[in-house]
Amino acid sequence: MKKMTFLLLFAGIGLSVYSLAEWCSSACSATHDYTLFGIAMGWVGIALFLMLSGCRIFVARFPDLSVNRYIRWAYSGILAAALGAEAWFIWIQHAVIQSWCPVCLAIASVVLILCLLNAIEISISNCEPR
């Protein structure tokens with residue numbers, strides 16, 4: 001499951017770079033007008049996936065540190081916020097732009113799958129004897 005998580009994180013970075021380069025179809029052109037505090041959403045996606053990757057790498061590299069519990073909470077919180085943001089972006093594409101960006105939907109799918117994998121990992125770790 002860890003390999004799949006890292007694969008998805010790297011896919012998210014790649015899709016964010018692809019979105020930033022604006023190589024998408026004409027259906028995506030309207031989505032490039034949206035920014036977060038003036039920052040293009042591609043940069044926000046790269047920062048998101050790099051932060052998530054950093055959390056995962058730190059926990060994997062130093063598994064015995066007591067601070068890992070807080071890093072896992074941060075990872076879960078960042079993922080939850082990203083899932084909410086992606087739901088909002090999908091609504092904007094549907095209701096406001098009235099056009100679907102396949103790259104944006106792929107990024108949203110990556111975030112959703114990462115959330116599901118995180119929930120499974122939490123459930124498994126809660127079932128292990130302490």
Cβ-Cβ below 8 Å, separation at least six or inter-chain, first residue in the range 40-61 and within 15 Å of Gly77 (Cβ to Cβ) and in contact (Cβ under 8 Å) with a residue 12 or more places away in the chain, second basic (Lys, Arg) and assigned to a helix (DSSP H, G or I): which pairs?
Cys55/Arg72; Arg56/Lys2; Val59/Arg72
Just the residues that are in a helix (DSSP H, G or I) and exposed (fewer than 14 other Cβ atoms within 10 Å of the Cβ), please, taken from the range 15-29.
Ser26, Ser29
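Residue-by-condition table, conditions (1) under 23 Å from Ser16 (Cβ atoms); (2) touching a helix residue (DSSP H, G or I) at 6+ places or on another chain (Cβ under 8 Å); (3) not aliphatic (A, V, I, L, M):
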| position | (1), (2), (3) |
| --- | --- |
| His94 | yes, no, yes |
| Ile97 | yes, yes, no |
| Leu105 | yes, yes, no |
| Ser109 | yes, no, yes |
| Cys115 | yes, yes, yes |
| Ile122 | no, yes, no |
| Cys127 | no, no, yes |
Failed condition for Ala60, given (1) under 18 Å from the mean Cα position of the chain (by Cα); (2) within 18 Å of Leu114 (Cβ to Cβ), with all others met?
(1)
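Every residue, every condition in (1) among the basic types (Lys, Arg); (2) surrounded by 15 or more Cβ atoms within 10 Å (Cβ to Cβ); (3) outside any helix (DSSP H, G or I); (4) in contact with a Ser or Thr (Cβ under 6 Å, 6 or more places away or on another chain), yes or no:
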residue	(1), (2), (3), (4)
Thr31	no, yes, no, no
Cys55	no, yes, no, no
Pro63	no, no, yes, no
His94	no, no, no, no
Cys104	no, yes, no, yes
Ser109	no, yes, no, no
Identify, from the list Ser16, Ser76, Ser66, the residue that is over 13 Å from the mean Cα position of the chain (by Cα) and among the polar types (S, T, N, Q).
Ser66
Over the range 39-79, the set of residues farther than 23 Å from Val17 by Cβ, β-branched (Val, Ile, Thr) and modelled with pLDDT under 90 is Val59, Val67
The range 65-90, residues that are surrounded by 12 or more Cβ atoms within 10 Å (Cβ to Cβ) and of a type in the set (D, E, K, R)
Arg72, Glu86
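The values are calculated or read from the model by the stated rules, or taken from the named source; none is laboratory data. Note that the coordinates shown come from a computational prediction; the quantities given were computed from them, not determined experimentally. Here the Cβ is made from the backbone with ideal geometry for all residues, glycine too, and neighbour counts use every protein chain on show.
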